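Read the structure below first, then the notes.
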């Protein structure tokens, strides 16, 4: 794999790249990677390796239950104090062990710990650390008033967790109802389709979701995958990101019709995707940068544009089969195939498609040099993969050292990270 410099011109997209975060788990090698229908904390807690990508930082959960992070650290999202300086070298998070799962938001990071508790660190201006304050912290801090957690998922300025099959969220909330004493008034007054409040400790989702096993968090919308393979979403629907037609927003979770047998979901800022049991992929929401991978049209001036701009119902990505996992970035999407190859599509101004080019791709393109990938994690303008030899490769934006390399703005092909 070779290092490629990326044009500085992509910096204009820095804001849209900082919109959503995610974390994926991977079975210990050399076993074959396989998505499980259960995300209950594993009985053998340190038999997993996983990645979490944030806006400008990346973290890796090691097989011994410790975590290393690198990249942007302006709010302490790496889990240690660098005086606000970026850190391209993967560095151990102090005083953190027994970790089962990690997840990264825009400028914060969270970990699920043995015993069903969660710890978070980094930016806390929206209460996304869940410790009852809005003070940013560079060291892991226990999430208050929540136990028996089986999964945790960080978003831009929000975090949600599953405990006993029920969903609780904290930080900047999307429009939905909560079980809360003296509830605050909610109203939907066009053209305002979302109403947010800042919550600094976990609040349970009021209705509509039980037996959840996976979460996907976007900007002002969330989705949950339930045990029976169905998906429920809530929040903003202006771009079709709830997978529902003719609806601005829903304060309570609503099941997506005609979407069943789902085994994994993920969300970008304004789009979401679901892997089905037949290993096909369906996506919905915003398609302004081609992140749904559906099609394109050529204008009379020869310009290629994604088509359509928005999709309000889950739609199959054409010519893509054998999908085992999806990872949604800011305005691009990547899919891991059963044969270990990775296909990406959407915006590519930072090289985040990984095909050696800068031009956007409105249909799946193979990532150069990856044939034995086992897991993906994507956020904003970069994507990382765990390979079969348990090494890590990343590509795309590197403005803050999130690819684990110094001196370059990014890479349009995968580069290897040494942990």
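Here, each number is a calculation from the coordinates, and none is a lab measurement. Note that the structure is predicted; figures quoted are calculated from it, not measured. Glycine gets a Cβ as well: all are built from the backbone with ideal geometry, and neighbour counts include every protein chain shown.
In whole angstrom, the stretch 216-306 maps to an equivalent ellipsoid with semi-axes of 25, 16, 10, each derived as √(5λ) from the alpha carbon gyration tensor and ordered largest first. Entry note, the stretch 297-416: relative contact order of 20 percent, from Cα contacts under 8 Å with a spacing of 6+ residues. Maximal additional length on extending the residue 316-residue 304 stretch stands at 2.2 nm, based on 0.36 nm per residue less the C-alpha distance. Site pair residue 117 and residue 372 shows an inter-label distance of 4.0 nm when each label is modelled 7 Å from Cα along Cα→Cβ. Ordered from longest to shortest, the equivalent ellipsoid semi-axes for the stretch 273-419 are 24, 19, 12 Å, each the square root of 5 times a Cα gyration tensor eigenvalue. Measuring r between the beta carbons of residue 258 and residue 296 and using R0 = 30 Å, the FRET efficiency lands at 0.75.
Note on residue 198 and residue 211: the model spin-label points, each 7 Å out from Cα along the C-beta direction, lie 3.8 nm apart. Over the stretch 22-417, Cα pairs under 8 Å with separation of 6+ residues give a relative contact order of 13 percent.
What base-10 log of the normalised intensity I(q)/I(0) is obtained for the stretch 22-417 from the Debye formula, alpha carbons as equal point scatterers, at q = 0.06, 0.08, 0.13, 0.14 Å⁻¹? Taking Cα atoms of the stretch 22-417 as identical point scatterers yields -0.20, -0.36, -1.01, -1.19. Here the residues 353, 152, 102, ranked from fewest to most Cβ neighbours within 10 Å of their Cβ, fall in the order 102, 152, 353. Computed from the Cβ-Cβ distance with R0 of 22 Å, the FRET efficiency linking residue 135 to residue 66 stands at 0.30. Take the Cβ-Cβ distance between residue 92 and residue 166 as r, set R0 to 35 Å, and report the resulting FRET efficiency rounded to the nearest 0.05. My answer for the efficiency is 0.55.
Could you grab the relative contact order for the stretch 259-313? Cα pairs under 8 Å, six or more apart, rounded to a whole percent. It rounds to 26 percent for the stretch 259-313.
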